[in-house]
Each structure stands twice: as structure tokens, then as C-alpha cells.
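The values are calculated or read from the model by the stated rules, or taken from the named source; none is laboratory data. These numbers come from a predicted model, not from an experiment. All Cβ positions, even for glycine, are placed from backbone atoms using ideal geometry, and neighbour counts span all protein chains on display. These area figures cover heavy atoms from the full protein model, side chains too; ligands, DNA and RNA do not enter into them. Shrake-Rupley method; radii C 1.70, N 1.55, O 1.52, S 1.80 Å.
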Amino acid sequence: LARKQPNKLCNGFMDSRLWLELWTLVHSKKAMTVVDTDEDDIIGSDASAETNLGAQRVSWAKMFFMTLGFCGAQIAWGTQNGIATPTLRELGLSHSSTALIWLAGPISGIVAQPVVGAWSDTCKSRFGRRRPFIFASGVLVCCSMLLFGYARLIGQQLGDGTGAHDSKPMAVSLAILGFWIMDFSVNALQGPMRALASDMFVAEQQSMAGGIFALQNGLGGVISYGLGALDLVALAHGAFRTQVRALSVIAVCCVMICVSSTLLLTAERPFEGAKHEAEDGGCG
């Protein structure tokens, strides 16, 4: 404007139209700045609200028990690592066949965690986004572990031979089925557990939550391998006929306690965000 009207600006004789243009220009830029800033703030607050739905500040003790389900997952892993190979070998599988069965671990890690994680993001259950998957995965972990531990006994009831050198096709099939279901269900349990921690705890406590997750990981390993080092058959006074069955039952009890602690202590709210959900999406 100054370049267009140099004489009027220098002499201080702006007409009303020039004042109006200057006032409109200045205030329109201020309005644009305010609108842009407010829009960014609104978008940021909405994204934060969706990301931290139900986030709360809790004590480290409550956080420990809220994340105890991750310890249960590690107990299941450790028990499986300790009993799987000897059990499969006793059922007559070769080293190469046993190695192929162990492919369940990486395959389930590639498939189960991303699929379950994405599915839980859009879950609209009244119990929350993560808790239904944690509950279902925990049930599958317990059932598959019992199936693996009692595969020989169930196979005998279904017609397998009882001799040391008899073929055991039913027991082998059931053990492999239980092994693979266990791997997929443990991976499906871990994904929602990590996502739940991100949902439930405020940003300032995320690093503490990561440390407690690491603690749960180590604690689960100590419990599972420690139990494996004990003579559980003798300690149980004949309640179990084999070490594998004893470990399976005790590990199932530990998983149930740990997962129940997480489910009971986390008051997850249903997710109703519209930005990354379809109207008919979710797990019901």
C-alpha cells in the first residue's frame, strides 16, 4: 500500500478507502493466524485424546499388577521352551521335524501380532479395545498348553499304543496342534498387552511402563525356568505322573492369575473415534 500511495502516506493524508484496505489486510492476516493455530491445537488435542483414551497416572505398584499379564505370557513362553523339544522327541519325532515345528514361533510373530494389533485398534466392544483380545488369547494359551502337556494321555485314549516303541500318531498330532496354537495365542496376547499400556498410562509414565514390562519379562522367565528345575512330581506327592503335565498345569494357573490381574485392574473405555474407524467396523 505504501508503494501504491507514497504521497498520501508521506503527507499523512490517507483517504478513508486506504485506511479501510490497510485495516482489512492487517486483521485478515491475524485472523488467518489465529484460525490456523486453533485448528492445529484442535487436531492435536483430538489425536491425543484418541491415542490416550482413558490414560491415567498410577503408582508403580498398580502399574506392576496392571501389566502382570505380560509376565503370564513369558511364563507360557518359558514353559514351552523347556518342555517342547524333549516331549516331541519322546513322541518319536526326528531332530529335523522338531526344528520345523519350531517355525511356529517366528511365523506367529510375523502374523499374529500385526493382525491382532490392527484388529484391536478398531474394536468397539463395550469391554474396550484390548481387553477382549487379551481374554481370548489367555484362554487359548491355557487350553493349548494343557493340550500339549496331556497329548500323550489323550492320544492313548484315542487308540495310540502304550509301549515305548509303539507309534503315537494321535499324540504327535495333538502335541503339534497345541504347540502351534500356543505360539500364535501367546503372540496374540503380547500385542494387545503392549498397546494397552500405551493406552492406559499418561505420556510421562510411558518410560516407567517400559521398564516394568522388562521386569515382567525377566520375572516370567525366572518363574518358568525355576519351576522346570524343581522335581514337581515328587513335590506334588503323586498328583502328577509326569513333569511335563505338572509344568503345564502350574503354568496354566500362573497365566490365569496374571491375565486376570490385568483384566480386572484396567478399566478400559470403549473406543468411539471416527478418524480411523469405519462405521460398521470393530469386533462387536
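Kirkwood hydrodynamic radius of region 194-245, from the reciprocal of the average inverse Cα-Cα distance over all distinct pairs: 13.6 Å. For residue 59 and residue 217, the difference between the fully extended length at 0.36 nm per residue and the C-alpha to C-alpha distance is 54.9 nm.
Averaged over residues, the count of other Cβ atoms within 10 Å places the peptides 119-126, 105-112 in the sequence 119-126, 105-112, highest first.
Calculated accessible area for region 139-225 comes out at 44 Å² per residue, all protein chains present (probe 1.4 Å; ligands, DNA, RNA ignored). Computed over protein heavy atoms with a 1.4 Å probe, the carbon and sulfur contribution to the accessible area of region 183-268 reaches 71%. Fully extending the segment from residue 111 to residue 157, taken as 0.36 nm per residue of separation minus the present Cα-Cα distance, adds 13.2 nm.
Between residue 139 and residue 241, the contour length at 0.36 nm per residue exceeds the alpha carbon distance by 34.3 nm. Peptides 255-262, 204-211 ranked from most to least packed give 255-262, 204-211, packing being the mean of other C-beta atoms within 10 angstrom over each peptide's residues. Please work out the Cα center distance from region 65-125 to region 202-234, rounded to the nearest Å. First find each Cα centre; the distance between them is then 16 Å.
Calculate the translational D of region 101-206 in whole µm² s⁻¹ from Stokes-Einstein, where the hydrodynamic radius comes from the Kirkwood formula applied to all Cα pairs, the temperature is 20 °C and the viscosity 1.002 mPa s. Translational diffusion coefficient: 139 µm²/s. For region 72-81, putting each phi into the Karplus relation 6.51 cos²θ - 1.76 cosθ + 1.60 with θ = phi - 60° gives couplings of x, 4, 5, 5, 4, 4, x, 5, 4, 4 Hz, in residue order, rounded to whole numbers and with x for Gly and Pro.
Mind checking region 188-274 for trypsin sites (Lys or Arg not before Pro) that DSSP puts in a loop (not H, G, I, E or B) and that have at most 12 other Cβ atoms within 10 Å? Hits after loop and neighbour filter: 241.
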